[in-house]
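Worksheet: one structure, shown below.
Values quoted throughout were computed directly from the atomic coordinates according to the rules given, and no laboratory measurement underlies them. In this text, all values refer to a predicted model and were calculated from it rather than measured experimentally. Ideal geometry is used to build each Cβ from the backbone, glycine not excepted, and the neighbour counts take in all protein chains shown.
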Amino acid sequence: MLKIENLHAEIDGKEILKGLSLEVNAGEIHAIMGPNGAGKSTLGYVLGGRPGYEVTAGSITFNGEDLLDKEPHERAAAGVFLGFQYPVEIPGVSNVQFLRESLNAQRAQRDEKPLSGAEFLKLARAQADALGLQQDMLKRPVNVGFSGGEKKRNEMVQMGIIDPAFAILDETDSGLDIDALRIVGDGINRIMRRPDKAVLLITHYQRLLDYVKPDRVHVLADGRITRSGGPELALQLEREGYAEVAA
């Protein structure tokens, strides 16, 4: 589904990714772990097409197509979803308005009919209920006044509504208490653990992986994948830290 070869990327003239290669197949969940400053978030931003991140070498293909040739909205319409470590607040724009416009814009890109207001509300309410997000939060401005856990659950509601083929989740476990972590983990499994979907989980800790079992774990250090393994690698990192494993 996703193939990255010898990826080099920089921001403000500073090289962050230094020859990263990675392949994720449909039906798989891969975890990216590594020390601060290793390039984990940069990888997510490059995949999502965030402005300011310049790819200087290498390639990324998604379902056989050149991802780097696509604008961010085209990547989203193709099925790529980027979840942020710190979900942004959008004052003055309600969750319902934001999500309906986002979904229908993607459907238009794929030559699909837009959902009616009633169809969308039924979908949004079902996703909110599944993630324990109160219905009135759908009417509130996007993430404004939400706690950290509510923002992450709201982001999972967004993912459930958009229903992407490939999700990049950047430290989704950041700031979550035990109950919220379980709810978010269950949401990822419910929405994304399917034969035709894949997930790239960017995390520092094993705790999210207790709920979302990865097929592969990769260590990203100094802009490269330095080691890959099964779920046991995350446990080793938890015990030993990155110094012994990331070199």
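Remarks
- Spin-label model distance (nm) - HIS8 vs GLU240, 7 Å beyond Cα toward Cβ: 3.1 nm
- Only Lys, Arg (+1) and Asp, Glu (-1) charged, at Cβ; the chain dipole about Cα centre in debye: 560 debye
- Selected from GLY83, GLY117, GLY149 as most flexible by GNM, with the chain as the system and alpha-carbon contacts under 10 Å: GLY117
- Pair ASN189, ASN25: separation of 7 Å Cα→Cβ label points (nm): 2.3 nm
- Range of Cα positions in the stretch 163-247 per principal axis (Å), largest first: 37, 29, 20
- Fraction of antiparallel bridges per DSSP, the chain only, in percent to nearest 5: 60 percent
- Ranked packing of 2-8, 130-136, 154-160, most packed first, by mean Cβ within 10 Å: 154-160, 2-8, 130-136
- Mean Kyte hydropathy of -0.5 or more with a Cα span along the axis of at least 18 Å, helices from DSSP in the chain: 117-130, 178-192
- Dipole moment magnitude, nearest 20 debye, the stretch 52-143 about Cα centre, only Lys, Arg, Asp, Glu C-beta charged: 480 debye
- Loop-resident GluC sites (Glu not before Pro) (DSSP state other than H, G, I, E or B) in the stretch 185-246 with no more than 16 further Cβ atoms inside 10 Å of their Cβ: GLU244.
- Relative contact order (%) - criterion: Cα under 8 Å, at least six apart; region: the chain: 28 percent
- Estimated 222 nm signal from helices in the chain, with DSSP H stretches of n ≥ 4 weighted -39500 (n - 2.57), rounded to 500: -10500 deg cm²/dmol
- Pairs with C-alpha atoms separated by more than 19 Å, drawn from the list LYS151/LYS213; LYS18/LYS70; LYS3/LYS70, are LYS151/LYS213; LYS18/LYS70.
- Over all Cα atoms in the chain, the spread is summed up by Rg and Dmax: 17.7, 55 Å.
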